[in-house]
Amino acid sequence: MSASLLSLHAVSKNFGGLAVISDVSFDVPQGSRTALIGPNGAGKTTIFNLISGVFAPSEGEIRLEGQTIDALPSRSRIGLGIARSFQNIRLMPHLSVVENVMLGQQSRAGNLAGMLTPLSLFGRSKYRREAEDLLESMGLSTYPGEVVATLPYGIRKKIEVVRALVAKPKILLLDEPAAGLNNTETANLRDFLMTISQSGVTLLVVEHDMSLVRSLCDHAVVLNFGRKIYDGSTRTVQEDPAVLEAYLGTRQAEKTRNQAEADHVA
Ligand SMILES: Nc1ncnc2c1ncn2[C@@H]1O[C@H](COP(=O)(O)OP(=O)(O)O)[C@@H](O)[C@H]1O
Ligand SMILES: [Mg+2]
């Protein structure tokens, strides 16, 4: 078993009186491709927000390479090697691809002047070259000058991932990277993420597409109502009784709600 890169230790998070995460512990092994899955509202994005420092845990501890990171602001966590892409695309649509990737370099600068440095007038700055090299190494060399808004959704998703890679992360958190992609785009994204993994970056991926989870990830953690209900291989996750119940339970609840709505309309 490889060493743990990131670990949660009895983490809880309450918003007001509401327990959103309850006593969750898990390890993300170094070099793994770990999936974080669970029904809508289970607390997956909240876990990402806790890891990246958007919120502090109400209880418990988060460690990177054995060191507690809970007292650190988000920016320092990026510096330590935790990068993230978001559930909804957060690219600047009117900037070019390379400019968007360069914005990822702000994380190394740390203040507003530093954040704008990569976009400054030094046209072919080292920042630009670095961003171009990274795009090329990820197979996106045809796009640097294109305005993001004009590109297909699947390409934009990849560019968002590349922007997160600019910070040279040890671990990359991906929140539903395949949402809205068709089958071809999803298969393409999977290969793309595999390449990133093979370059040594540990992946923690929130994803609903179970065939993507099974073909990409080796390890899965499942949440339901803010509690961990499974921690193990992706091969056996879909046979696990607690996981089945969580998903079927949700589907049953949805069915009941849809039925109630249909009755209401009728
Ligand atoms: N900032 C917040 N304030 C209050 N409640 C929140 C906040 N963020 C998330 N929640 C609640 O926490 C629960 C889990 O949300 P989330 O982590 O987004 O779930 P998931 O990503 O698994 O769908 C939801 O019930 C959501 O409404
Ligand atoms: Mg979410």
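The values are calculated or read from the model by the stated rules, or taken from the named source; none is laboratory data. This structure is a prediction, so every number in the text was calculated from the model and none was measured. Neighbour counts are summed over all protein chains in view; Cβ atoms, including those assigned to glycine, are modelled from backbone coordinates with ideal geometry. Side chains are part of the model used for accessible areas, which takes the heavy atoms of the whole protein and leaves out ligands, DNA and RNA. Shrake-Rupley method; radii C 1.70, N 1.55, O 1.52, S 1.80 Å.
Could we say that Leu8 is of a type in the set (A, V, I, L, M) and not in a helix (DSSP H, G or I) here? Yes: the conditions hold for Leu8. Ile62 falls short on exactly one of the conditions (1) more than 16 Å from ligand 2 (Cβ to nearest atom); (2) open to solvent by less than 40 Å² (accessible area, probe 1.4 Å); (3) not small (Gly, Ala, Ser); (4) not in a strand (DSSP E or B), and that condition is (4). When Val161 is tested against (1) over 23 Å from Ser76 (Cα atoms); (2) not assigned by TED's automatic domain parsing to the domain that holds Leu5, only condition (1) is not met. Of the numbered criteria (1) part of a helix (DSSP H, G or I); (2) crowded, with 20+ Cβ neighbours inside 10 Å, the one Arg84 fails is (1). Scanning the stretch 11-44 for residues that are open to solvent by 60 Å² or more (accessible area, probe 1.4 Å), outside any strand (DSSP E or B) and on the phi > 0 side of the Ramachandran plot gives Gly16, Gly41.
Residues in the stretch 45-59 that are of a type in the set (A, V, I, L, M) and either buried (at least 20 other Cβ atoms within 10 Å of the Cβ) or touching a residue at least 40 places away in the same chain (Cβ under 8 Å) (or both): 3 in all.
Cβ separations smaller than 7 Å between residues 6+ apart or across chains give the following pairs from the stretch 83-105 residues that are touching a residue at least 24 places away in the same chain (Cβ under 8 Å) to residues that are open to solvent by 40 Å² or more (accessible area, probe 1.4 Å) and among the acidic types (Asp, Glu): Ser96/Glu146; Val97/Glu146; Val98/Glu132.
If you check Leu50, Leu36, Leu72 for being touching a helix residue (DSSP H, G or I) at 6+ places or on another chain (Cβ under 9 Å) and closer than 23 Å to Leu193 by Cβ, only one passes: Leu36.
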